[in-house]
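Here the structure comes first, spelled out in structure tokens, and everything after it is commentary.
The values are calculated or read from the model by the stated rules, or taken from the named source; none is laboratory data. All values derive from a computational prediction rather than experimental measurement. Here Cβ is always computed from backbone atoms with ideal geometry, including for glycine, and neighbour counts include all displayed protein chains.
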Amino acid sequence: MYLCSVKNNKEENSKEETKHKIIIAALNLFRKQGIREVKMDDIASLISVSKRTIYEIFTDKENLIIETLKYSQKQTVAEARKIIRSSNDILDIILKLYEHYFNLLRNTNRLFFTDLERYPEVLNRRKAREKRNNKRFLAWMEEGRKQGLFREDADFEILAFILQRDLELIMTVNKQPENSNLSRYKPEDLGRLLILFYLRGIATAKGREKIEDFIQKNK
């Protein structure tokens with residue numbers, strides 16, 4: 001009985017290790033090439049497992065995508081907590097969180113985001129996550145107002161709505177014709193300008209001073 005239990009534990013650990021390797025490999029390929037371009041054979045070849053092994057762990061490609069996004073989100077949350085613990089200044093936290101996001105964006109193929117639209121369950125999960133993130137954003141903005149960083153007359157709900165819409169727009173730059181003015185810019189650069197534009201617009205003199213200081217330190 002004991003030997004049987006040990007054997008089962010080893011098999012379970014081995015399966016979890018393989019699952020983790022598949023998720024890491026898939027996430028790296030998805031970010032580099034886009035989801036549509038990556039085949040299960042590509043993932044299997046990269047980590048030297050059979051395609052059958054992948055399908056024994058993940059029911060289909062959408063299930064694998066969901067698991068890779070869960071892993072990516074877990075990493076993002078861990079980094080966000082580290083940033084939040086590093087400062088009591090809410091504006092500094094917001095700027096650092098967006099900087100982390102745009103650094104991640106720089107190393108991700110734009111097709112990765114547009115390909116996600118092909119998977120209904122992934123989109124549903126993404127919308128739910130965006131709703132939670134929006135709630136946190138509004139709470140942080142209110143805290144920033146209490147700290148004297150944002151103007152009293154600023155409407156954060158309208159700001160969040162416009163900001164979300166514009167961030168989604170810059171993700172489509174890869175779809176623009178090559179002769180389009182928009183196609184000349186990288187999404188991460190457009191995103192940084194966008195965030196600074198809106199934050200400067202609602203910031204107090206104290207807030208704008210902190211924004212400029214952040215820019216100088218992170219050129």
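Taking region 11-24 as the search range and keeping residues that are of a type outside the set (D, E) and under 14 Å from T53 (Cα atoms), which one is surrounded by the most Cβ atoms within 10 Å (Cβ to Cβ)?
I22
If we scan region 130-139, do we find a residue that is assigned to a helix (DSSP H, G or I), more than 25 Å from P187 (Cβ to Cβ), at pLDDT 90 or above and assigned by TED's automatic domain parsing to the domain that holds L167?
Yes, region 130-139 has at least one match.
Residue-by-condition table, conditions (1) at pLDDT 90 or above; (2) assigned by TED's automatic domain parsing to the domain that holds Q33; (3) on the phi > 0 side of the Ramachandran plot; (4) surrounded by fewer than 17 Cβ atoms within 10 Å (Cβ to Cβ):
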site	(1), (2), (3), (4)
L95	yes, no, no, no
E142	yes, no, no, yes
T172	no, no, no, yes
N181	no, no, no, yes
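Determine, yes or no, whether R118 is in contact with a helix residue (DSSP H, G or I) (Cβ under 8 Å, 6 or more places away or on another chain), assigned by TED's automatic domain parsing to the domain that holds L193 and either more than 30 Å from K146 (Cβ to Cβ) or modelled with pLDDT of 90 or more (or both).
It is false that R118 is in contact with a helix residue (DSSP H, G or I) (Cβ under 8 Å, 6 or more places away or on another chain), assigned by TED's automatic domain parsing to the domain that holds L193 and either more than 30 Å from K146 (Cβ to Cβ) or modelled with pLDDT of 90 or more (or both).
Mind listing just one residue for me: the one in region 12-59 that is over 19 Å from L111 (Cα atoms) and of a type in the set (A, V, I, L, M) and, of those, farthest from the chain's Cα centre (by Cα)?
So the residue we want is V49.
So, Y55, is that one surrounded by 14 or more Cβ atoms within 10 Å (Cβ to Cβ), within 17 Å of L116 (Cβ to Cβ) and either touching a strand residue (DSSP E or B) at 6+ places or on another chain (Cβ under 7 Å) or of a type in the set (F, W, Y) (or both) or not?
Values: surrounded by 14 or more Cβ atoms within 10 Å (Cβ to Cβ): yes; within 17 Å of L116 (Cβ to Cβ): no; either touching a strand residue (DSSP E or B) at 6+ places or on another chain (Cβ under 7 Å) or of a type in the set (F, W, Y) (or both): yes.
Answer is no for this residue.
Taking region 97-121 on its own, how many of its residues are without any contact (Cβ under 8 Å) to a residue 40 or more places away in the chain and either among the charged types (D, E, K, R) or more than 20 Å from L190 (Cβ to Cβ) (or both)?
Total meeting the criteria: 2.
Of everything in region 202-211, what is surrounded by 12 or more Cβ atoms within 10 Å (Cβ to Cβ) and in a helix (DSSP H, G or I)? Give them in sequence order. Full working, then the answer.
Of region 202-211, the ones surrounded by 12 or more Cβ atoms within 10 Å (Cβ to Cβ) are 202-204, 206-211.
Within region 202-211, I202, K206, G207, R208, E209, K210, I211 qualify.
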